[in-house]
Amino acid sequence: MKIKTILLAAGLAFGLQGIAPQAQAADIQTRLIRFGYGLNQDSNQGRAAQVFADEVAKLSDGKMKIRAIGAAALGSDIQMQQALIGGAQEMMVGSTATLVGITPEMAMWDTPFLFNSGEEADKILDGRAGQMLIEKLDDKGLVGLVYWENGFRNLTNSQRPVTRVEDFDGLKLRVMQNNIFLDTFQRLGANAVPLPFSELFTALETKTVDGQENPYNTILSSKFYEVQKYLSVTNHVYSPWIVLASKQWWDTLSADERDVLLKAAVASRDFERKDTRQEAEKALAQLKAEGMQVNEVSPEEVERMRETIKPVNEQIKQNVGPAIWQAVQNQLKAIRQG
Ligand code: TK8
């Protein structure tokens, strides 16, 4: 009898205690979230999208469902950005370079030879400067969550090995849809053609363009080696990807729901960078095995390329403004001094 009373009291106590956490239970609704991306499902982008989806499901007890849709099935980067702004799509991941039309400051990340390593990029992107740029998206109808690694870009083409600046001459190169990339490759002497990534494979296959530039991972996962003979190791720029949400939709979410998405985004970012770097290390050998002819570019020639395209920095400075430009330079200096 006594034991029963104690148990009853304990049960009551637990029951009462149970009420408090329940009253504060996470404010999470059942939601279906479309998350679009441009690369194939079997790519570093696709794998990280899956990690994001799994993480969101886990943190929301399965209430928030990410439907990850790859291969640009929801549209090119720019089309998806517009869908987010209009509230017709919830989330996406894509290149910061394709955002420059909406947020000119994003051109910061198009600065040729800005970063010396992925780790250096992480520090800047996850630090104050990266945050300053993310904030610029706010009044454009977009919310930026985290940066993923697209990576150092390298040149491929079907015509010839590019070992010197002169080899760019007349090459018809697809570039991302942004004036900085257009200007950069025009200065090198190429005939630069802006095209969405979603049209790139076909453009290469039909020889509408001779070449393109992207990280090893993408050259591999998009099977560009099937239609491109030459790969020149230029590492001319480090490209981030950015995970975006529709601001219109984000504003309807509870604080708990936003928290789930932010935490999952950080987890996906950490996974993605590791995965991308591991893959990149092996990718060059795989591309050679697929028959690509790979050439290095000598430090002297890299220096000549750097000098040739230096004037684009002025254009970028104008786009981003002196505050952000200087913040990045200062932070880089601090990192390099250790
Ligand atoms: C994928 C693109 C791609 C980018 C490009 O949607 O366009 O070349 O490097 O990753 O964002």
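May I ask you to verify whether residue 178 is polar (S, T, N, Q) and without any contact (Cβ under 8 Å) to a residue 24 or more places away in the chain? Steps first, answer last, please.
Working: polar (S, T, N, Q): yes; without any contact (Cβ under 8 Å) to a residue 24 or more places away in the chain: no.
Here the answer is no, as residue 178 does not meet what is asked.
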task: Would you be able to say whether some residue in segment 173-185 is within 14 Å of the ligand (Cβ to nearest atom), under 30 Å from residue 47 (Cβ atoms) and open to solvent by 50 Å² or more (accessible area, probe 1.4 Å)?
output: yes
- prompt: If we keep just the residues of segment 152-161 that are open to solvent by less than 10 Å² (accessible area, probe 1.4 Å) and out of contact with any Gly (no Cβ under 7 Å at 6 or more places or on another chain), which is farthest from the ligand (Cβ to nearest atom)?
  reply: 154
- request: Take the residues in segment 32-68 that are of a type in the set (Gly, Ala, Ser), away from the ligand (no atom under 12 Å from the Cβ) and assigned to a loop (DSSP other than H, G, I, E, B), then tell me which one is surrounded by the fewest Cβ atoms within 10 Å (Cβ to Cβ).
  value: 62
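Just to confirm my filter: which helices (runs of 4 or more DSSP H) fall fully inside segment 233-323 and include at least 3 residues that are open to solvent by 50 Å² or more (accessible area, probe 1.4 Å) and either within 16 Å of the ligand (Cβ to nearest atom) or free of Cβ contacts under 8 Å to residues at least 60 places away in the same chain (or both)? Quick ask: steps written out before the conclusion?
Working: elements: 247-250, 255-289, 299-309.
Answer list for segment 233-323: 255-289, 299-309.
Which one of these is out of contact with any Asp or Glu (no Cβ under 8 Å at 6 or more places or on another chain) and under 30 Å from residue 189 (Cβ atoms): 279, 314?
On the way: 279 fails: under 30 Å from residue 189 (Cβ atoms).
Of 279, 314, the one residue that is out of contact with any Asp or Glu (no Cβ under 8 Å at 6 or more places or on another chain) and under 30 Å from residue 189 (Cβ atoms) is 314.
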message: Can you find a residue that is in a helix (DSSP H, G or I), away from the ligand (no atom under 16 Å from the Cβ), open to solvent by 10 Å² or more (accessible area, probe 1.4 Å) and not polar (S, T, N, Q) anywhere in segment 197-204?
response: no
message: Can you tell me how many residues within segment 98-147 are among the polar types (S, T, N, Q) and closer than 19 Å to residue 268 by Cβ?
response: 1
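In segment 205-232, what count of residues is obtained for those that are outside any helix (DSSP H, G or I), open to solvent by less than 10 Å² (accessible area, probe 1.4 Å) and within 14 Å of the ligand (Cβ to nearest atom)?
Within segment 205-232, the first condition is being outside any helix (DSSP H, G or I), and the residues that meet it are 206-215, 222-223, 227-232.
Still in the list and also open to solvent by less than 10 Å² (accessible area, probe 1.4 Å): 209, 211-215, 228, 231-232.
Now restrict to residues that are within 14 Å of the ligand (Cβ to nearest atom): 209, 211-215, 228.
Looking only at that region, the number is 7.
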- prompt: Which of the residues belonging to segment 82-111 are open to solvent by 10 Å² or more (accessible area, probe 1.4 Å) and away from the ligand (no atom under 15 Å from the Cβ)?
  reply: 85, 86, 87, 88, 90, 104, 105
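The values are calculated or read from the model by the stated rules, or taken from the named source; none is laboratory data. This structure is a prediction, so every number in the text was calculated from the model and none was measured. Positions of Cβ are generated from backbone atoms using ideal geometry, with glycine treated the same way; all protein chains shown enter the neighbour counts. Just the protein is used for accessible areas: all its heavy atoms, side chains included, with ligands, DNA and RNA removed. Shrake-Rupley method; radii C 1.70, N 1.55, O 1.52, S 1.80 Å.
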